[in-house]
Amino acid sequence: MSIRTRLAIVLAAVVLPVLLVAGLVAGVLLPRALVDGQRRDVDRATVAVATAMASECWALGDRAEVIALSIANGRPPATVLAEETRGGLGAERGYAVVLRGGAVLAASSSAPRPTPTKLPTTRCSTVSEPAGAHLAERVDLTTTQGTLTVHVVEPLTAGRLDALTRQAAAGDVRTILQCAGGVEVHPSSDRGQGAIARTAAAGPGRPCAVQGSAADPVGGARAWMPLLLILLVLAAAVGLLRWLARELTAPLLALTEGTRRIADGDLTVRLPEGRDDEIGQLSREFNTMAVELDQRMAELTSSRETLQDTVRRIAATLQRTHDLDGLLAALCALAETTTGSTCAVVWMREGSGLRARVVHPIGTRRPGTGRIRAAESAIGEVVRDRRVVVLDDAGDEPGAVLRGRLCAAPLVSGDDVIGALVVERAAGATAYDDTTGELLDLVAGPAGVAIDNAILHRRAQRQSVIDPLTGVGNLRMLTTTLGREVERARSFGRQVSLLIVDVDRFRQVNDEHGHSVGDGVLAALAARIVELVPPVDVVARYGGEEMAVVCPERGEEECLRLAERIVDDLRSRPLQVGDREIPITCSVGIATWPQDAATAPELVSAADAAMNAAKRAGRDRAVASRHVGPVD
């Protein structure tokens, strides 16, 4: 029996069953899978558009609440609307209207003119059946000047539906909105309803029902495709059995060698193309495949370099932010995307250990322990040895979140390692490789500098409101804190008091002991006042030898007792300055909002006048503002 016959028999026994099975799969199972996949796509797209609409509804409610609170706190309605609706509300002429007692106070620039007095009353967050073709939210806030009502409205138009569809990544599925009264909102480019449809009923967040549809992937003329495919497979099998048995030995050896070289990574291999038969065709197809593989490899290499360059540029932008919390969240999101991970954690160095500062995404459970010892963990090894660590099984790692795959890189700033960036995958996911470690290290490198800069910026901000001599707040902190507390007291109907403490005859202390001792007296005085007042009170240096204490939510009587306690303590206990004991007394003035002043500056003036009255009355005492009279 010739080799050609033997090859024909072998090919018939091996190839025909395979081709028949493949034809059966392609003709029966594949169409069914296509239909099932189309149904899943329609279901996913419909739910995604409904969810996107609900998200828009909640966002409108939040926007209305912010506008109402800002106006209730005394800000001009027009200014609040201009700030909160900058850029519009959504894609299709959304607007906001503010009313008090039924009268329109202000309306956004996109509101219809004249300003409507009859606004949608159905709130999209509480709707239970189809409503009008718009998203509308309303907030009612009771104030001293009457009920403040804020309406925020966003029409549901074809353009807005297109935006929701893009937001939900549902571009391959046609979606329409079915609103009250039989009103339908169609996309701007309507393709007609498909054979496969799904409807998400109206409900909270969705004033209109959402219907998604798509064409049947195997309907119509395409229903004959499986049969034609099977026939083509059979025809190809007959041709293959007829032609493949001729002179295959030598070409097969060449093909085998070329395949081996490609498997070894040599994509430059080419086979001779001089034959005009199937072997020649196979050689040409092989060469075409080799060329395409070579091009694809070059594209992958270029894509990898582009990705690395993109990561470098993104990481470089991280160095320009001073928002530490936002920086760490952005760093975790970047690390997850770059490495294809499920979660990311930033561990910051604290002494001999590490603390989990940020866990991303938000809502991910934190590690079993918020602090780990560097000497007893792989993450600590990253910080200690300043190198990337990859674990295929992090089940015993105390700082792991998923207990699966783990990759960690050091966060470096100059010569210091300030922490570690850790990404994780589930135990059954693909293991991390060296390339992933390199990419994570590429992200973590400049991020360490950015984090260090953010920490230094936060420290500088704190120092800008701290008096360097006494260690308590400076005048800037005093005015900021007092203004904030007065506004809070005004909003919630509370009180706030201010104490101004002045050292009696401080010039005499400087003359007798020197200015360095005088500075020590001020520092010791600030420490003594901090020791005597409750922790919620804010102590600041008002100026010269004067200290101020802001007392939130306390009235005159309680603060007068606190002031007398400070006076008695300083009279009975000298201040310790180095190895000296310096006896001093003080005069304290007390003023309370709103009894003694209408604004924060007036409160300072009233307390200062009360302190001067205490000095005129003989010093070494506390005087309340109501005993002084009005301040000019």
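Key figures for this structure:
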| item | result |
| --- | --- |
| Amide H within-cut-off set for Val269, under 5 Å, with H built and near neighbours excluded | none |
| Over the chain, relative contact order from alpha-carbon pairs under 8 Å, at least 6 apart, % | 8 |
| The chain - Kirkwood radius from inverse mean 1/r over Cα pairs (Å) | 32.9 |
| Local electrostatic count at Thr144 - Lys and Arg +1, Asp and Glu -1, tallied over other residues with Cβ under 13 Å | +2 |
| Cα long-axis angle, helix 475-492 against the chain (0 to 90 degrees, to the nearest 10) | 80 |
| Alpha-carbon centroids, the range 594-624 and the range 189-205: separation in whole Å | 70 |
| Unmatched cysteines, the chain - criterion: no other Cβ of a Cys under 4.7 angstrom | Cys332, Cys343, Cys407, Cys551, Cys559, Cys586 |
| For the range 341-409: relative contact order, % (alpha-carbon pairs under 8 angstrom, 6 or more apart) | 24 |
| Net charge dipole size for the range 319-461 [Lys, Arg +1 and Asp, Glu -1 on Cβ; Debye, nearest 20] | 580 |
| Highest-first arrangement of 266-278, 428-440, 338-350, where packing means the average Cβ count within 10 Å | 338-350, 428-440, 266-278 |
| Within the chain: Cβ-based charge dipole about Cα centre, in debye rounded to nearest 20 (Lys, Arg +1; Asp, Glu -1) | 1320 |
| From phi via Karplus (6.51, -1.76, 1.60), per-residue ³J(HN,Hα) for the range 265-270 in Hz, x at Gly/Pro | x, 8, 8, 8, 5, 9 |
| Inter-label distance for Glu273 and Arg561, nm, one decimal - labels placed 7 Å from Cα along Cα-to-Cβ | 10.0 |
| For peptides 417-424, 521-528, 493-500, sequence by mean Cβ density within 10 Å, most packed first | 417-424, 493-500, 521-528 |
| Sum of side-chain charges, Leu271 neighbourhood, beta-carbon under 12 Å (Lys, Arg +1; Asp, Glu -1) | +1 |
| Local electrostatic count, Gly473, Cβ distance below 9 Å [Lys/Arg +1, Asp/Glu -1] | +1 |
| Exposure proxy order (Cβ contacts within 10 Å, fewest to most) of Ile590, Ile582 | Ile582, Ile590 |
| Contact order relative to length of the range 475-627, as percent, for alpha carbon pairs under 8 angstrom and 6 or more apart | 29 |
| Selection from Ala597, Thr79, Ala614 lying farthest towards where the dipole of the chain points positive, charges on Cβ | Thr79 |
| Amide H contacts of Arg357 (H built 1.01 Å from N, under 5 Å, at least 5 apart or other chain) | Val346, Trp347, Met348 |
| Approximate spin-label separation Gln145-Glu65, in nm, with each point projected 7 Å along Cα-to-Cβ | 2.3 |
| Distance-filtered residues of the range 540-576 - backbone nitrogen under 18 Å, label point 7 angstrom along Glu602 Cα→Cβ | 556 |
| Dimensionless Rg ratio for the range 475-627, taking C-alpha atoms and the 2.2 N^0.38 Å reference | 1.01 |
| Degrees, to the nearest 10: 434-463 long Cα axis against longest axis of the chain | 10 |
| Label point distance in nm, Ala236-Arg580, each placed 7 Å from Cα along Cα→Cβ | 10.2 |
| Volume per residue of the C-alpha convex hull in the range 319-461, rounded to whole Å³ | 100 |
| Rounded to 10°, Cα long-axis angle of helix 515-532 versus longest principal axis of the chain | 70 |
| Fewest-first ranking of Arg565, Arg554, using other Cβ atoms within 10 Å as the exposure measure | Arg565, Arg554 |
| Convex hull (Cα only) mean projected area of the range 40-235, reported in nm² to one decimal | 13.1 |
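Since every read-out is calculated from the coordinates, none of them should be taken as a lab result. Not measured: the values here are computed from a predicted model. Using ideal geometry, Cβ is built from the backbone for each residue, glycine included, and neighbour counts are taken over all protein chains shown.
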